[in-house]
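Remarks on the structure that follows.
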């Protein structure tokens with residue numbers, strides 16, 4: 001890999017560089033810039049501060065690192081022009097020209113080979129657990145053409161803050177503890193707002209970012225900056241020389257000092 005910038009920014013997207021309309025105060029909604037289109041109409045936007053931060057970071061040196069699959073990433077309106085993009089929670093790496101990195105795809109297919117059918121079972125398992133407890137959720141498996149089923153997602157239809165997802169996750173853990181196959185899958189879990197993600201062991205953003213940094217360091221010396229908002233981002237951010245997080249983010253709250261009275 002040649003022509004790398006002297007500074008590379010590995011950045012999460014949703015809730016780090018932009019967010020959905022409902023998350024902005026009314027006073028800001030007249031000055032927003034479209035950042036990503038959504039199939040369901042819930043588009044994402046940047047306010048003036050977020051747009052200024054992105055300009056400072058520079059799209060030519062940004063490597064997006066996102067849970068969005070390749071289809072959802074294709075609807076991002078920001079013209080990222082860095083050397084790669086990490087999508088589908090690290091299961092897919094897109095090269096500079098938008099093509100799938102074949103070497104990484106081969107590694108991921110090997111990692112996912114034993115869990116394909118299990119991942120595809122997860123939406124039904126989660127839905128059944130929710131139905132048993134009169135929880136209204138929607139759930140699906142993220143599918144990628146290059147590697148098949150990648151991970152499962154559950155969202156609440158009743159509460160935009162994801163109320164009830166922690167209970168659903170605990171019930172899921174209890175349910176799969178009775179299955180040797182599911183235990184061996186070494187599921188990784190993450191909840192942030194109205195989003196529960198369940199991924200098999202070995203698939204995450206940090207694995208993909210580590211791969212890229214290792215590959216590129218053989219060709220160039222660069223400073224790396226990690227940007228993210230959630231605890232699931234922290235592992236890849238810590239691989240970088242510096243990291244940034246928005247105030248009031250999930251990650252920021254983890255490091256905020258407890259106020260004593």
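No lab work stands behind these numbers, since they all come straight from the coordinates. Keep in mind that this is a model prediction, so the values were computed, not measured. Neighbour counts run over all protein chains shown; Cβ positions are idealised from the backbone, glycine included.
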Inset, instruction - Determine the relative contact order of the chain: mean sequence separation of Cα pairs under 8 Å and six or more apart, normalised by residue count, in whole percent. - result: 19 percent
Inset, instruction - For a footprinting-style exposure proxy, rank 121, 31 by other Cβ within 10 Å, fewest first. - result: 31, 121
Legend entry - Computed log₁₀ I(q)/I(0) - Debye formula, equal Cα scatterers, no solvent, the range 1-128, q 0.09, 0.16 Å⁻¹: -0.33, -0.89
Inset, instruction - Round to a whole angstrom and tell me the spacing of the C-alpha centers of the range 3-62 and the range 143-218. - result: 24 Å
Legend entry - Relative packing of 7-18, 156-167, which averages over residues the other C-beta atoms within 10 Å, highest first: 7-18, 156-167
Legend entry - Fully extended contour minus Cα-Cα distance, from residue 214 to residue 253, at 0.36 nm per residue: 11.0 nm
Inset, instruction - For the range 112-199, list log₁₀ I(q)/I(0) at each q in 0.20, 0.21 Å⁻¹, using the Debye formula over Cα point scatterers of equal strength and ignoring solvent, two decimals each. - result: -0.90, -0.98
Inset, instruction - Consider just the alpha-carbon atoms of the range 155-259 and return their Rg together with their Dmax, both in angstrom. - result: 16.9, 50
Inset, instruction - Take every Cα pair under 8 Å in the range 112-199 that's 6+ residues apart, average their separations, divide by the length, and report that relative contact order as a whole percent. - result: 28 percent
Inset, instruction - For the chain, report the convex hull volume of the alpha-carbon atoms normalised per residue, in Å³, without decimals. - result: 149 Å³
Legend entry - residue 28-residue 221 pseudo-label distance in nm [points 7 Å out on the Cα-to-Cβ vector]: 3.9 nm
Legend entry - Value at 222 nm in deg cm²/dmol, rounded to 500, when DSSP H runs of n ≥ 4 in the chain each add -39,500 (n - 2.57): -9000 deg cm²/dmol
Inset, instruction - Considering only DSSP beta bridges where both residues belong to the range 150-260, give the percentage that are antiparallel (nearest 5). - result: 70 percent
Legend entry - Simple spin-label estimate for residue 155 and residue 3 in nanometres, 7 Å along Cα-Cβ: 3.7 nm
Inset, instruction - Using only the Cα atoms of the range 97-139, build the gyration tensor, take square roots of its eigenvalues as a ≥ b ≥ c, and label the shape rounded, prolate or oblate: rounded if a/c is under 1.5, else prolate if a/b is larger than b/c, else oblate. - result: oblate
Legend entry - Span per principal axis, largest first, for the Cα atoms of the range 190-240 (Å): 40, 21, 11
Inset, instruction - Starting from the exponent 0.38 and prefactor 2.2 Å, build the expected Rg for the range 75-129 from its residue count and divide its actual Cα Rg by it. - result: 1.48
Legend entry - Peptide ranges 191-199, 60-68, 91-99 listed from the most packed, as the mean C-beta count within 10 angstrom indicates: 60-68, 191-199, 91-99
